[in-house]
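Have a look at the structure below, then the notes.
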Amino acid sequence: MPRPVPQSGWLTQESGWLTRDPRPGIAALLGCPVIMVNDANLAALGEAVFGAGRGYRCVAHLTVRDGIGAGLVIAGTLFTGAGGYAGEIAHAQVTEQGDFCVCGNRGCLATEVHGPGVLRSLAGVHGLRLTFAELQALIARGNPVMLRYFKDLGSLVARPVATLTTVLDPDCIIVDASLENAAAPFIAGLTEELSNRCPPALMSRLSILQGTLANAMTFGAIAAADSVTRSAVTASPPPFTPAAPPRLPSQS
């Protein structure tokens, strides 16, 4: 689903996000167990298991075409954080005085991109109402507006991705395969900005690749279902329970 999937604490505000867990109702309707995974996480899992991320230990996948998001796969396991929000780079603040966002913050990457999705963003920013095939044709012909747009988009997305890269030290960042021709200028902007913001030692061993699976989410769903049946997907790390302090001898 194209929204964060919290482990608990479903939102009650009228934000367009889910306000309650739909899994019990779907499971009752279908008569079988139901799992729910964020779309960006599914794409990450698909590329990590079946696509460009095979052989890498720590993979970050960037969803771009239909909305900005990231998924993290560490040692073959999908990581979604303590509450299910890991990888939500669209809701990382990139400007302090930006527009208010549906998440409750302001200046989020999502508000700066003017999406969701690159086609809607182009329509909103440049007044260009294109089909995706038309967009691809323009990029193939070297249209300077389209090339600049996607390079700038890569640079903008790099701001939160730089923090993610520095904290997690991934050995591979995969860019949405469905961008097709637009992936090259996007990766150019992303790489340039990451090089400006991340330690050289991290960048020297980081591979930034275009994905190989246009239907990465479908492959991710297959991998997730298979992993759940083998209890191999960890939705979040186990809760930390501090040890009780030692009992000190009483002073008499």
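Tabulated data
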| item | result |
| --- | --- |
| Check on G87, more than 16 Å from A223 (Cα to Cα), at pLDDT 85 or above and surrounded by 16 or more Cβ atoms within 10 Å (Cβ to Cβ) | yes |
| Pairs, first closer than 20 Å to V94 by Cβ and in contact (Cβ under 8 Å) with a residue 24 or more places away in the chain in the range 194-217, second in a helix (DSSP H, G or I) and basic (K, R), C-beta under 8 Å, six or more apart | R197/R159 |
| Conditions (1) surrounded by 13 or more Cβ atoms within 10 Å (Cβ to Cβ); (2) at pLDDT 85 or above; (3) among the hydrophobic types (A, V, I, L, M, F, W, C): number failed by A27 | (2) |
| Residue selected from the range 47-75 under the condition in a strand (DSSP E or B) and of a type outside the set (A, V, I, L, M), by the criterion surrounded by the fewest Cβ atoms within 10 Å (Cβ to Cβ) | C58 |
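The values are calculated or read from the model by the stated rules, or taken from the named source; none is laboratory data. Bear in mind that the values here come from a model prediction, so they are computed numbers and not experimental data. Cβ: placed from backbone, ideal geometry, glycine included. Neighbour counts: every protein chain shown.
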